[in-house]
1. Would you kindly derive the ³J(HN,Hα) couplings of the range 122-138 from the backbone phi angles with the Karplus curve 6.51 cos²θ - 1.76 cosθ + 1.60 (θ = phi - 60°), listing them in order in whole Hz, with x for Gly and Pro?
2. Using alpha carbon coordinates only, what is the Rg to Rh ratio of the range 74-126, with Rh defined as the Kirkwood radius?
3. Do any trypsin sites (Lys or Arg not before Pro) in the range 137-209 lie in a DSSP loop with no more than 15 other beta carbon atoms within 10 Å, and if so, which?
4. Just name one of Leu260, Phe286, Phe320: the one whose Cα is farthest towards the positive end of the charge dipole of the range 248-343 (beta-carbon charges, Lys/Arg +1, Asp/Glu -1).
5. In a Debye calculation with equal point scatterers on the alpha-carbon sites of the range 42-167 and no solvent, what is log10 I(q)/I(0) at q = 0.15 Å⁻¹?
6. Only counting other Cβ atoms within 10 Å, I'd like Leu300, Leu13 sorted with the fewest neighbours first.
7. Roughly how large, in nm² to one decimal, is the mean projection of the convex hull of the alpha-carbon atoms in the chain?
8. Could you calculate the contour length gain from Cys108 to Arg317, that is, 0.36 nm times the residue separation minus the distance between their Cα atoms, to one decimal place in nm?
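Derivation of every value follows stated rules applied to the coordinates shown; laboratory data play no part. Since the model is a prediction, treat every value here as computed from it, not as a measurement. Cβ sites come from the backbone with ideal geometry, for glycine too, and all protein chains shown count toward neighbours.
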Amino acid sequence: MIIAEHGGDTFDLDILYDFSANLNPLGMPQGVKNALENSVSAWEKYPDPYCRRLTKKLSEHENFPAENIVCGNGAADLIFRIVQAAKPKKAVICAPSFGEYAKALEQCGCEISAYPLSEEKGFALDSDINAFLDKSVDMLILCTPNNPTGQTVESGLLRDICRKCEEENIIFLCDECFIDFAVNVTGAERYMNKNIVILKAFTKIYAMAGLRLGYALFGDGAFAEMVRGTGQFWSVSAPAQTAGEAALDEKEYITKAAELIKNEREYLSENLLRLGFKVYPSEANFILFYSGLPIDKMLLRENILIRNCENFSGLSRGFFRIAVRSHEENTTLIAALGRCLNG
């Protein structure tokens, strides 16, 4: 079985339930769908290369200067553009974490120092990360909640990291693409300084994966301008910009989604434990667990796809990630897991 590089690759499979992609189980908001349907005629023109209307609305939404916001063709696009603009010679990332960080750094010839997250500590980031951050480091990339572990960076530690990066003149790229699913979690914007870049996306929280839309908040306006000049000129399509503007009006949708995820994450974690799996703490819309069985292959016979995580740096065979879906879908998964284990 070929292990997909990312979740959501169902195109060659006969799948009824996809638990490999971490998307909002509520689906794309109806207001976004309506905006897209009503904007089809505008797609004949080139999109605004500077996303002016969307950036203005993001500035109001985030209470952040518009000139320090850059939009991109999904968060992954911005990771590559930020790295290309910074051209770091040495960077620190965590293992395990999202694979695109290392790929972007490797493409620019950057030396990578991997901070190993400890399984014994539930893959939580520890304060000894600061020992990795000295004047030889040009960039730090962290994800909170982290993918695939679901762990967030504790607020006091996040504050110390932000300060350390400013002191050592290290660019700190903080990926917060899953933070809207977490409840009462502090993000890096609270400790914003000129060295911080915060990455966010519409992909996960608004279930807009196919439209590709992300954005970054920069503490340094000059660096934002550098990143704005990288990549292709029309990086964000007209439909994506329209969808983004409409999505920002969906305030109650995010609150509803976070509450759903919290409740269903607890349901899944409790039942995974009941079935005998080793389950790791998560504050995101996905759960990392361990099984000595090839449970992903077994679930494929049930037409269910989960994420095999053995190709994440820092993880080995037996680690799997499941998305938190609707209660009906989650009960279907738990029932299928029971059948897999009991024959």
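1. For the range 122-138, the Karplus-derived couplings read x, 6, 7, 5, 10, 5, 6, 4, 5, 5, 7, 9, 10, 5, 7, 9, 9 Hz, x marking Gly and Pro.
2. Details: Rg = 12.1 Å, Rh = 11.8 Å.
My calculation puts Rg/Rh at 1.03.
3. Details: sites: Arg159, Arg163, Lys164, Arg190, Lys194, Lys200, Lys204; in loops: Lys194, Lys204.
Answer in residue order: Lys194.
4. With unit charges placed on the Cβ atoms, the residue in question is Phe320.
5. -0.84
6. Values: Leu300 16, Leu13 12.
Least to most surrounded, the residues fall as Leu13, Leu300.
7. Values: hull surface 67.1 nm².
Approximately 16.8 nm², given one-decimal rounding.
8. Numbers: separation 209, 0.36 × 209 = 75.24 nm, distance 2.96 nm.
Extra length from Cys108 to Arg317 when fully extended: 72.3 nm.
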